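Structure record follows, encoded as C-alpha coordinates.
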Amino acid sequence: MKDFESAGFVGGGGEWIIEADYDTYANYWGHKQMVTKPVAKDKRIWNEQFLLIKAKQPALSLPISEATAKKNLSVALNKIIAFATKTGSDYWAGIFTKANNSLSSDHPVVEYYRDFIVENQHSLQSKQLLSSASRAYVFGGMGSWNDILYSTSELEKTNTQLSSELYDRINEAIIVALNNN
(Lines give C-alpha, C1' and ligand atoms only; values in the text may rest on other atoms or scores of the structure.)
Protein backbone atom coordinates (compact mmCIF):
# COMPACT_ATOMS: atom_id res chain seq x y z
CA MET A 1 0.00 0.00 0.00
CA LYS A 2 1.35 3.44 -0.89
CA ASP A 3 1.68 6.08 1.85
CA PHE A 4 -1.20 8.19 0.50
CA GLU A 5 -3.44 5.09 0.46
CA SER A 6 -2.71 4.20 4.09
CA ALA A 7 -2.85 7.79 5.38
CA GLY A 8 -6.42 7.40 6.66
CA PHE A 9 -5.52 4.44 8.87
CA VAL A 10 -3.93 4.48 12.32
CA GLY A 11 -0.18 4.26 11.84
CA GLY A 12 -0.50 4.83 8.09
CA GLY A 13 0.90 7.53 5.87
CA GLY A 14 4.57 6.71 6.17
CA GLU A 15 7.10 7.24 8.90
CA TRP A 16 7.69 10.73 10.31
CA ILE A 17 10.89 11.49 12.20
CA ILE A 18 11.71 14.72 14.02
CA GLU A 19 15.23 16.10 13.70
CA ALA A 20 16.17 18.35 16.64
CA ASP A 21 19.21 20.41 15.61
CA TYR A 22 21.81 21.68 18.04
CA ASP A 23 25.06 23.54 17.40
CA THR A 24 27.17 20.53 16.40
CA TYR A 25 24.75 17.59 16.13
CA ALA A 26 21.14 16.48 15.83
CA ASN A 27 18.91 14.10 17.75
CA TYR A 28 16.27 12.07 15.89
CA TRP A 29 12.89 11.25 17.41
CA GLY A 30 10.14 8.86 16.35
CA HIS A 31 6.63 8.57 17.72
CA LYS A 32 3.67 6.35 18.25
CA GLN A 33 0.03 7.34 18.37
CA MET A 34 -2.35 6.22 21.09
CA VAL A 35 -6.00 6.89 21.88
CA THR A 36 -5.77 8.34 25.38
CA LYS A 37 -9.00 10.36 25.56
CA PRO A 38 -11.66 8.30 23.76
CA VAL A 39 -14.52 10.61 24.81
CA ALA A 40 -12.78 13.99 24.55
CA LYS A 41 -15.28 16.80 24.05
CA ASP A 42 -12.94 18.57 21.61
CA LYS A 43 -12.63 15.28 19.64
CA ARG A 44 -8.85 15.25 20.12
CA ILE A 45 -8.71 11.66 21.26
CA TRP A 46 -5.12 10.93 20.15
CA ASN A 47 -1.87 11.42 21.98
CA GLU A 48 1.66 11.15 20.65
CA GLN A 49 4.51 9.57 22.52
CA PHE A 50 7.97 10.61 21.28
CA LEU A 51 10.94 8.29 21.52
CA LEU A 52 14.61 9.11 20.98
CA ILE A 53 15.84 7.00 18.05
CA LYS A 54 19.38 8.33 17.55
CA ALA A 55 21.36 10.86 19.57
CA LYS A 56 24.22 13.16 18.63
CA GLN A 57 24.18 12.44 14.88
CA PRO A 58 25.19 14.73 12.01
CA ALA A 59 22.43 17.20 11.11
CA LEU A 60 20.83 16.89 7.69
CA SER A 61 20.58 19.98 5.52
CA LEU A 62 17.21 20.97 4.11
CA PRO A 63 17.37 20.24 0.38
CA ILE A 64 14.88 22.82 -0.94
CA SER A 65 13.68 26.36 -0.29
CA GLU A 66 10.17 27.57 0.52
CA ALA A 67 9.88 28.99 -3.01
CA THR A 68 10.74 25.61 -4.54
CA ALA A 69 8.32 23.80 -2.22
CA LYS A 70 5.56 26.26 -3.23
CA LYS A 71 6.30 25.67 -6.91
CA ASN A 72 6.36 21.88 -6.46
CA LEU A 73 3.06 21.89 -4.56
CA SER A 74 1.42 24.19 -7.09
CA VAL A 75 2.51 21.96 -9.99
CA ALA A 76 1.06 18.89 -8.25
CA LEU A 77 -2.15 20.75 -7.44
CA ASN A 78 -2.59 22.00 -11.00
CA LYS A 79 -2.19 18.47 -12.34
CA ILE A 80 -4.75 17.03 -9.92
CA ILE A 81 -7.16 19.94 -10.52
CA ALA A 82 -7.06 19.15 -14.24
CA PHE A 83 -7.60 15.44 -13.54
CA ALA A 84 -10.49 16.08 -11.13
CA THR A 85 -12.12 18.43 -13.65
CA LYS A 86 -11.63 15.93 -16.51
CA THR A 87 -13.27 13.13 -14.49
CA GLY A 88 -16.22 15.28 -13.35
CA SER A 89 -15.06 15.57 -9.74
CA ASP A 90 -15.89 19.25 -9.44
CA TYR A 91 -16.15 19.09 -5.64
CA TRP A 92 -12.54 17.87 -5.38
CA ALA A 93 -11.34 20.27 -8.08
CA GLY A 94 -12.74 23.07 -5.89
CA ILE A 95 -10.87 21.82 -2.83
CA PHE A 96 -7.60 21.58 -4.76
CA THR A 97 -8.17 25.04 -6.27
CA LYS A 98 -8.62 26.57 -2.79
CA ALA A 99 -5.42 24.85 -1.71
CA ASN A 100 -3.58 26.22 -4.72
CA ASN A 101 -4.94 29.72 -4.10
CA SER A 102 -3.57 29.57 -0.54
CA LEU A 103 -0.06 29.55 -2.00
CA SER A 104 -0.46 33.17 -3.07
CA SER A 105 -2.78 34.45 -0.34
CA ASP A 106 -1.70 37.47 1.70
CA HIS A 107 -3.73 36.05 4.63
CA PRO A 108 -3.50 32.25 4.47
CA VAL A 109 -5.64 30.36 6.96
CA VAL A 110 -5.77 26.79 8.13
CA GLU A 111 -9.33 25.63 8.56
CA TYR A 112 -8.87 22.11 9.86
CA TYR A 113 -5.49 21.75 11.55
CA ARG A 114 -5.58 25.17 13.19
CA ASP A 115 -2.54 24.41 15.31
CA PHE A 116 -0.43 24.02 12.15
CA ILE A 117 0.31 27.74 12.20
CA VAL A 118 1.62 29.54 15.27
CA GLU A 119 0.95 33.24 14.75
CA ASN A 120 4.02 35.47 14.53
CA GLN A 121 6.30 32.44 14.29
CA HIS A 122 6.10 31.68 10.57
CA SER A 123 7.03 33.65 7.48
CA LEU A 124 4.28 34.41 4.96
CA GLN A 125 5.66 31.71 2.64
CA SER A 126 5.59 29.16 5.45
CA LYS A 127 2.01 30.13 6.31
CA GLN A 128 1.05 29.79 2.65
CA LEU A 129 2.64 26.34 2.45
CA LEU A 130 0.96 25.15 5.65
CA SER A 131 -2.42 26.56 4.63
CA SER A 132 -2.23 24.96 1.20
CA ALA A 133 -1.01 21.63 2.62
CA SER A 134 -3.83 21.48 5.16
CA ARG A 135 -6.46 22.29 2.52
CA ALA A 136 -5.02 19.79 0.01
CA TYR A 137 -4.75 16.93 2.51
CA VAL A 138 -7.65 14.80 1.29
CA PHE A 139 -6.34 11.32 2.03
CA GLY A 140 -8.02 10.20 5.24
CA GLY A 141 -11.42 9.17 6.47
CA MET A 142 -14.62 7.95 4.90
CA GLY A 143 -15.57 9.70 1.69
CA SER A 144 -12.05 10.94 1.06
CA TRP A 145 -10.31 11.39 -2.28
CA ASN A 146 -8.92 7.87 -1.79
CA ASP A 147 -12.43 6.40 -1.95
CA ILE A 148 -13.08 7.37 -5.57
CA LEU A 149 -13.07 4.52 -8.07
CA TYR A 150 -12.57 5.14 -11.78
CA SER A 151 -14.08 3.31 -14.73
CA THR A 152 -10.82 2.39 -16.45
CA SER A 153 -7.44 1.10 -15.36
CA GLU A 154 -5.84 4.05 -17.16
CA LEU A 155 -7.77 6.55 -15.02
CA GLU A 156 -6.95 4.53 -11.88
CA LYS A 157 -3.26 4.57 -12.81
CA THR A 158 -3.34 8.35 -13.42
CA ASN A 159 -5.14 8.90 -10.12
CA THR A 160 -2.57 6.81 -8.25
CA GLN A 161 0.32 8.70 -9.83
CA LEU A 162 -1.16 12.16 -9.22
CA SER A 163 -2.34 11.33 -5.68
CA SER A 164 1.06 9.94 -4.74
CA GLU A 165 2.78 13.03 -6.15
CA LEU A 166 0.39 15.37 -4.33
CA TYR A 167 0.84 13.49 -1.05
CA ASP A 168 4.63 13.76 -1.36
CA ARG A 169 4.46 17.48 -2.21
CA ILE A 170 2.11 18.15 0.75
CA ASN A 171 4.55 16.45 3.12
CA GLU A 172 7.47 18.29 1.53
CA ALA A 173 5.63 21.60 2.02
CA ILE A 174 4.98 20.87 5.70
CA ILE A 175 8.59 19.89 6.33
CA VAL A 176 10.00 22.92 4.51
CA ALA A 177 7.59 25.35 6.17
CA LEU A 178 8.26 24.08 9.68
CA ASN A 179 12.02 23.87 9.22
CA ASN A 180 12.44 27.36 7.79
CA ASN A 181 11.33 29.10 10.97
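Quick notes on this structure:
- Of the residues making up segment 143-153, none is at pLDDT 95 or above and closer than 22 Å to Gly13 by Cα.
- For the residues Ala40, Ala82, the requirement of being without any contact (Cβ under 8 Å) to a residue 12 or more places away in the chain and either in a strand (DSSP E or B) or closer than 25 Å to Lys157 by Cβ (or both) singles out Ala82.
- Of all residues in segment 131-158, those that are outside any loop (DSSP other than H, G, I, E, B) and in contact with a helix residue (DSSP H, G or I) (Cβ under 7 Å, 6 or more places away or on another chain) total 9.
- Exactly one residue out of Val75, Val35 is of a type outside the set (Lys, Arg) and not assigned by TED's automatic domain parsing to the domain that holds Tyr167, and it is Val35.
- Of the residues making up segment 25-37, those that are assigned to a loop (DSSP other than H, G, I, E, B) and farther than 30 Å from Leu60 by Cβ are Thr36, Lys37.
- Residue pairs meeting the criteria (Cβ under 7 Å; at least 6 apart or on separate chains; first closer than 15 Å to Lys2 by Cβ, in segment 148-165; second modelled with pLDDT under 95): Glu156/Tyr150; Asn159/Tyr150; Ser163/Phe4; Ser163/Trp145; Ser164/Lys2; Ser164/Phe4
- Qualifying residue in segment 81-89 (condition: within 15 Å of the chain's Cα centre (by Cα), outside the structural domain of Ala26 (by TED's automatic domain parsing) and aliphatic (A, V, I, L, M)): no
- Pairs where the first residue, in segment 65-76, is closer than 17 Å to Thr97 by Cβ and the second is exposed (fewer than 14 other Cβ atoms within 10 Å of the Cβ) and small (Gly, Ala, Ser), C-beta under 9 Å, 6+ apart: Lys70/Ser104; Ser74/Ser104
- Qualifying residue in segment 129-150 (condition: surrounded by 17 or more Cβ atoms within 10 Å (Cβ to Cβ) and more than 22 Å from Asp90 (Cα to Cα)): yes
- Residue, nearest to the chain's Cα centre (by Cα), within segment 46-63, restricted to residues that are part of a loop (DSSP other than H, G, I, E, B) and either at pLDDT 90 or above or surrounded by 13 or more Cβ atoms within 10 Å (Cβ to Cβ) (or both): Leu62
The values are calculated or read from the model by the stated rules, or taken from the named source; none is laboratory data. Worth saying up front: this structure is predicted, and the values here are computed from it rather than measured. Virtual Cβ from ideal backbone geometry, glycine too; neighbours counted across all protein chains shown.
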